[in-house]
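Peer 1: Please see the structure below; I have some questions.
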Amino acid sequence: MTDRPTVDLTDPVALRAYAHPLRMSLVGLLRREGPLTATQAADRLGESVPNCSFHLRQLAKYGLVERAEGADAREKPWRATALSTRWGRESDDAETRAAVDQLDGVLIHRLYERALRWLARRDADLPQWRAVTGPGDDLAYLTAEELGELSRRIDDLFDAYRDRRTDPSQRPPGARPVHLGYYVTTIDQP
């Protein structure tokens, strides 16, 4: 992993390229597990090697993954270029806004599917984990500036735990991978 914490996508072509479920899974896998070959990634994701290889090359075109040092000349692993991906939702360009909407739609669908998979296995989890996981929602009357500040504060809180993603020695006993997924919507029309 490079030292970049975040890669910013602003180009509509790059946004659409990332808005592919397998590509998002590949980037997430490389962020969680570190450098992997296309064969290793395919095995973990239940995909074909040629399919993973193709999508990794596509991701490299947009700066989301890159080649990593291999154990030998034959091994050709890939690594994520950053710990997270951000994309601008404030563009005035209609093509960019459409690409952002497409990417947001894929992400919301993935969050929904992940939540359903978690729900199907929740009953088998330990009581202390069941007590602190699950959905929630809230309502507040905020200005756009206040909402931006709230989002930054949530990111800042989560920052305290991000080193654990790439450095297993930072993880305390009993730590598990936890996904924090949220999206913010308004209720009324502007």
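Peer 1: Let me have the 222 nm mean residue ellipticity of the chain computed from DSSP H runs of 4+ only, each contributing -39500 (n - 2.57), with the sum over all residues rounded to the nearest 500.
Peer 2: -15000 deg cm²/dmol
Peer 1: Regarding the chain, what whole-number volume in Å³ per residue does the convex hull of its Cα atoms give? It would help to have the intermediate numbers written out before the result.
Peer 2: Working: hull volume 29.7 nm³, N = 190.
Considering the Cα atoms of the chain, their hull volume per residue is 156 Å³.
Peer 1: Of all DSSP beta bridges located in the chain, what percent are antiparallel, nearest 5?
Peer 2: Close to 50 percent.
Peer 1: Next up: On the protein heavy atoms, probe 1.4 angstrom, tell me the percent of accessible surface of the chain carried by carbon and sulfur.
Peer 2: Numbers: 6820 of 13240 Å².
Looking at the chain in its full context, I get 52 percent from C and S.
Peer 1: Just to be sure I understand: if I project the alpha-carbon convex hull of the stretch 64-147 onto a plane and average over all orientations, what area do I get in nm²?
Peer 2: 10.7 nm²
Peer 1: Taking just the alpha carbons, could you work out the radius of gyration and Dmax for the stretch 1-53, both in angstroms?
Peer 2: Spelled out, the Cα radius of gyration and Dmax of the stretch 1-53 are 12.0, 32 Å.
Peer 1: For the stretch 105-168, what are the per-bin percents of Cα-Cα distances with bins 10 Å wide, up to the bin holding the maximum?
Peer 2: Once binned at 10 Å, the Cα pair distances of the stretch 105-168 give 15, 27, 46, 11, 0.
Peer 1: Show the residues, 5+ positions off or on another chain, whose built amide H is closer than 5 Å to the amide H of VAL7.
Peer 2: SER84, THR85, ARG86
Peer 1: Only Lys, Arg, Asp and Glu count, each charged at its Cβ (+1, +1, -1, -1), so figure out the dipole size of the chain about its Cα centre, rounded to 20 debye.
Peer 2: 960 debye
Peer 1: Mind checking the stretch 122-181 for chymotrypsin sites (Phe, Trp or Tyr not before Pro) that DSSP puts in a loop (not H, G, I, E or B) and that have at most 15 other Cβ atoms within 10 Å?
Peer 2: Those that pass, being in a loop and sparsely packed, are TYR141, TYR161.
Peer 1: Below 8 Å between Cα atoms, with a sequence gap of 6+, how large is the relative contact order for the chain in percent? Walk me through the numbers before you get to the answer.
Peer 2: Working: 168 pairs, mean separation 48.6, N = 190.
This gives 26 percent for the chain.
Peer 1: Based on the alpha-carbon gyration tensor of the stretch 25-121 and its eigenvalue square roots a ≥ b ≥ c, which shape applies: rounded if a/c is under 1.5, prolate if not and a/b is larger than b/c, or oblate?
Peer 2: The shape class here is oblate.
Peer 1: Ok, one more. Once phi is turned into θ = phi - 60°, what whole-Hz ³J(HN,Hα) does the Karplus curve with 6.51, -1.76 and 1.60 give for every residue of the stretch 87-100, x standing for Gly and Pro?
Peer 2: 9, x, 9, 9, 5, 8, 7, 4, 5, 5, 4, 5, 5, 5
Peer 1: Okay, next question. Taking only protein heavy atoms into account and a 1.4 Å probe, give the accessible area per residue of the stretch 77-145 in Å².
Peer 2: Per residue, the stretch 77-145 has 73 Å² of solvent-accessible surface.
The values are calculated or read from the model by the stated rules, or taken from the named source; none is laboratory data. Computed from a prediction, not measured in an experiment: that's the story for all the values here. Because the Cβ atoms are built from the backbone with ideal geometry, glycine has one as well, and the counts that use them run over all protein chains shown. What goes into the accessible areas is simple: the full protein's heavy atoms, side chains included, and nothing from ligands, DNA or RNA. Shrake-Rupley method; radii C 1.70, N 1.55, O 1.52, S 1.80 Å.
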